Amino acid sequence: MLDWTSATQTLKNASQILVVSHVNPDGDAIGSTLAVGSMVQSLGIPVTLVNESPVPEKLSFLPGAENILLPSQVKDRFSVIIAVDAADISRIGNCQQLFADHSVIINIDHHGTNDEFGKINIVKADAAATAEMLYDWAVYLDIPISRSLATVLYAGLLTDTGGFRYSNTSSNVMRIAANLLEQGAESYQLADRLLETISVRYLEQLKTSLATMQITLNGKVAYLVSEEEDNDGLVNFARNIEGVDVGILFRPSDENHIKVSMRSRQIIDVAAVALEMGGGGHARAAGCTINGQMDEVIGAVLEKVKEAFKGVKE
Ligand SMILES: [Mn+2]
């Protein structure tokens with residue numbers, strides 16, 4: 001079990017809590033935000049949940065999702081903040097405007113590139129999801145796992161393990177998932193809504209993006225380009241090609257920037273590659289945003305990936 005002593009002490013002494021996570025939240029970010037919200041509430045402490053980005057449509061059915069506010073909807077300023085699933089303070093975006101002077105941040109995260117921006121830092125790089133860590137905290141706090149808490153924790157585990165398929169799917173993850181199912185999380189319904197269902201818009205985008213797929217570096221790297229923001233999972237089509245270790249998705253995020261998402265099968269630590277270019281993430285899933293036009297950014301990233309392969313013993 002992680003050392004939750006100081007986080008718990010700070011939490012229990014707080015008169016109110018702000019919970020934040022990263023911009024463009026995924027299933028673990030929203031699931032973890034809602035899980036902490038539910039846990040803090042069950043301790044009888046007032047809690048406010050905020051994200052810079054609106055909750056994605058796909059995650060809006062999760063119990064309590066309607067309580068996650070935009071920073072502009074909140075008037076209070078908070079002295080105690082719990083940040084979940086965010087590797088550094090910039091990932092929290094403009095939620096920072098809600099922090100009081102000399103506020104205390106409890107940083108709970110599983111990104112290996114986490115820079116320990118909190119006053120209290122609970123970072124476990126080998127946790128599959130922040131939700132996995134929060135289950136541990138709920139047990140430590142002796143909080144009963146309600147059906148809705150089970151559902152949001154399960155959502156985090158399910159999405160960050162790619163449906164219990166990625167290399168982070170440990171026996172501990174499966175044990176927790178089993179416990180959450182016993183507490184009322186619905187495996188089929190959650191997998192269907194979070195992983196299986198795609199929108200017609202996504203399908204159209206898939207058709208366009210797949211046509212841009214290029215395979216390079218002796219078949220070890222594949223990349224594709226997407227113009228759309230909702231491109232969850234697209235990068236996996238590149239990585240999933242037989243013989244490919246690194247899959248990359250490039251998307252223009254504004255006129256001068258390209259967002260780069262990288263996935264690797266087992267050889268390249270893409271977090272290390274992303275970190276060199278000002279980003280971060282996990283060994284098998286990482287990303288960064290680079291200033292430049294599409295062609296030059298693709299060239300620069302492929303060059304870094306090529307260097308990374310050189311550093312690996314065949
Ligand atoms: Mn996560």
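The table for this structure:
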quantity	calculated
For Thr5: the one exception among (1) in contact (Cβ under 8 Å) with a residue 40 or more places away in the chain; (2) out of contact with any Ser or Thr (no Cβ under 9 Å at 6 or more places or on another chain)	(1)
Any hit, region 145-166, residues being among the acidic types (Asp, Glu), in a helix (DSSP H, G or I), over 19 Å from the mean Cα position of the chain (by Cα) and in the same structural domain as Ile45 (by TED's automatic domain parsing)	no
Qualifying residues in region 55-89 (those that are modelled with pLDDT of 95 or more and in a helix (DSSP H, G or I)) - the one nearest to Thr8 (Cα to Cα)	Ile89
Lone unmet requirement of (1) surrounded by 14 or more Cβ atoms within 10 Å (Cβ to Cβ); (2) touching a residue at least 12 places away in the same chain (Cβ under 8 Å); (3) in a loop (DSSP other than H, G, I, E, B) for Ile198	(2)
Positions within region 113-165 being of a type in the set (Ser, Thr, Tyr) and either within 15 Å of Ala86 (Cα to Cα) or surrounded by fewer than 17 Cβ atoms within 10 Å (Cβ to Cβ) (or both), in sequence order	Thr113, Thr130, Tyr140, Ser146
Region 22-32, subset under 9 Å from the mean Cα position of the chain (by Cα) and near the ligand (Cβ under 9 Å from one of its atoms), residue surrounded by the fewest Cβ atoms within 10 Å (Cβ to Cβ)	Asp26
Condition check for Asn172: away from the ligand (no atom under 13 Å from the Cβ) and either open to solvent by 40 Å² or more (accessible area, probe 1.4 Å) or polar (S, T, N, Q) (or both)	yes
Condition broken by Ala100, with the remaining ones in (1) closer than 22 Å to Ile17 by Cα; (2) away from the ligand (no atom under 14 Å from the Cβ); (3) open to solvent by 60 Å² or more (accessible area, probe 1.4 Å) satisfied	(3)
Residues satisfying the stated conditions in region 60-85, i.e. closer than 21 Å to Thr151 by Cα and buried (at least 22 other Cβ atoms within 10 Å of the Cβ)	Leu62, Ile68, Ile82, Ala83, Val84, Asp85
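The values are calculated or read from the model by the stated rules, or taken from the named source; none is laboratory data. Remember, it's a predicted structure, so these values are computed and weren't measured experimentally. Reconstructed Cβ throughout: ideal geometry from the backbone, glycine too, with neighbour counts over all protein chains shown. The protein model used for the area step is the full one, side chains on, heavy atoms only, and it has no ligands, DNA or RNA in it. Shrake-Rupley method; radii C 1.70, N 1.55, O 1.52, S 1.80 Å.
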